[in-house]
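Structure, as C-alpha cells:
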Amino acid sequence: MNDAQQNFPEKLKACWHPVSYSIEIKKEKPLGTFLLDEALVIWRTSDGSVHAMRDICIHRGTALSLGWIKDDCLVCPYHAWEYNNKGACVFIPQAPDIDIPKKAKTPTYYCVEKYGLVWVALEKPLYQLPEIPEYNDKEWKFVNTGPFDWKSASSRQLENFTDLGHFPWVHPGLLGDPKRPEVPECKVMVKDRVLHYEIVRPEATNTEDFPVFANDDIVKPERRSVYELHLPYTIVLRLGWGGAKGMLYLFVSQPISQNESRGYCIIGRNYNLDEADTVLQNFEQVIFDQDKRIVESQRPRQVPFDLTEELHLKFDTVAMHYRRAMKRHNLDY
C-alpha cells in the first residue's frame, strides 16, 4: 500500500470519484490532480479515450503530468521516457536499443467518462454510477458550474449540500428566508448505499440577477426537492414546481486529501434553454462562495461519523442517516 493512502479505507478507494470535467482533458496535454492523496495524471489518446495513471515516472520520480503526448504515449518532461496507456514505458531515448526493464512502468487506474465528468477508482469499483436518463434527453440542457475547491473534507462538502437548515442564514433571498427558518420534516429511506428523501418547502421568487428557477408564474411558489444521495460523495437532486418544468443537480465531491475537496456541480433543466450558461454559473459561484467560508471553518474538517461527537436535532435527520450509512459501509475515516 502507498503510504499516502494508508489512512483511507479500502472501500473508499474502490468507489468512483470525479477527477475533472471532460472538457478539461485535451488530447494534446495531460492534467495532473490528486485523489485520496494519490497523485494522478489524466490524459487522452487519439481515439478520445481517457486514461488515469499514477503521476510519476519510475526513472526519477518526475510528474508525468508536466510532460506531453506523442504517438498515443505520455512523455516524461525530464528525460522524455514514453509511457503507453497501460502504464508501461515503451521507449527510452537515452538507450533506444536496450530491452526496457519490467520495472519501467507506472500504475494505472480504472477510468470512465460519464455525465461530462472523468471518474476514477483506485481499485476495482464496487458500485455503479447513478442513472441519470435526463442527461441524454434532447429536451434538457446541462451546464457545468465550478469546480469548487475547498479546504475541507469531501464529507463536509457533501453534507453541506444536503443541509437545508442553513439556507435562510447563509443564502438569504437566494435559497432561503430568515422569516421561515423551519425545516420541513422528511423521511429518509435507505436502500443499500443510496439515501432517498424529498422535501417540500416554500421559496422566494427569482431575483432579478438570477432568474434560474421555474417559479415566476406561481403566486406562492413551492419547491419539491427529490434527493438521491449515493455514498460516498454523490447527490442527484431533482427539483419541480408542480408543472412540467424541472431542474436537476448532479453534485459530486472529489476527495483530494483528508482535508481538501473539489466539488463539481452540473445543472440540467428543460426550460430557459436559450439562457446564457453564465447565469447558472454565476449563481452557483455566489452560493458556493457563501458556503465555503462557513464549511472551511468547521472543525474537525472531516465529518465526525460518531454521532456522539456533535449535537443533532430532528431537522438533522439526513446528516444522521448519512453518517450511519457511511460507517455501516466502512467508508468513513
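The values are calculated or read from the model by the stated rules, or taken from the named source; none is laboratory data. What you are looking at is a predicted structure, and each value in this text was computed from that prediction instead of being measured. Cβ sites come from the backbone with ideal geometry, for glycine too, and all protein chains shown count toward neighbours.
Worth a mention:
- For segment 265-299, taking the residues that are free of Cβ contacts under 8 Å to residues at least 12 places away in the same chain and farther than 12 Å from V143 by Cβ, the one that is farthest from the chain's Cα centre (by Cα) is identified as D274.
- For D99: the one exception among (1) free of Cβ contacts under 8 Å to residues at least 12 places away in the same chain; (2) not assigned by TED's automatic domain parsing to the domain that holds C73: (2)
- Segment 167-178, residues that are modelled with pLDDT of 90 or more and over 20 Å from Y227 (Cβ atoms): W169, P172, P178
- Scanning segment 281-300 for residues that are touching a Phe, Trp or Tyr at 6+ places or on another chain (Cβ under 9 Å) and part of a loop (DSSP other than H, G, I, E, B) gives a single hit, E296.
- Subset of segment 88-103 that is closer than 30 Å to P18 by Cβ and in contact with a Phe, Trp or Tyr (Cβ under 9 Å, 6 or more places away or on another chain) - its residue that is surrounded by the fewest Cβ atoms within 10 Å (Cβ to Cβ): V90
- Search result, residues across segment 165-174 that are surrounded by 18 or more Cβ atoms within 10 Å (Cβ to Cβ) and either assigned to a loop (DSSP other than H, G, I, E, B) or of a type in the set (A, V, I, L, M, F, W, C) (or both): F167, V170, L174
- Residue check, D192 at pLDDT 95 or above, surrounded by fewer than 19 Cβ atoms within 10 Å (Cβ to Cβ) and within 21 Å of the chain's Cα centre (by Cα): no
- The C-beta contact set for segment 22-41 (first residue closer than 14 Å to P147 by Cβ, second residue among the acidic types (D, E), distance under 7 angstrom, 6+ apart or interchain) comprises S22/E113; L31/E24.
- Verdict on R54 being among the charged types (D, E, K, R) and touching a Pro at 6+ places or on another chain (Cβ under 6 Å): yes
- Qualifying residue in segment 36-43 (condition: surrounded by fewer than 22 Cβ atoms within 10 Å (Cβ to Cβ), touching a helix residue (DSSP H, G or I) at 6+ places or on another chain (Cβ under 7 Å), part of a loop (DSSP other than H, G, I, E, B) and not β-branched (V, I, T)): yes
- G173, sole failed condition from (1) closer than 29 Å to P255 by Cβ; (2) in contact (Cβ under 8 Å) with a residue 24 or more places away in the chain; (3) not charged (D, E, K, R): (1)
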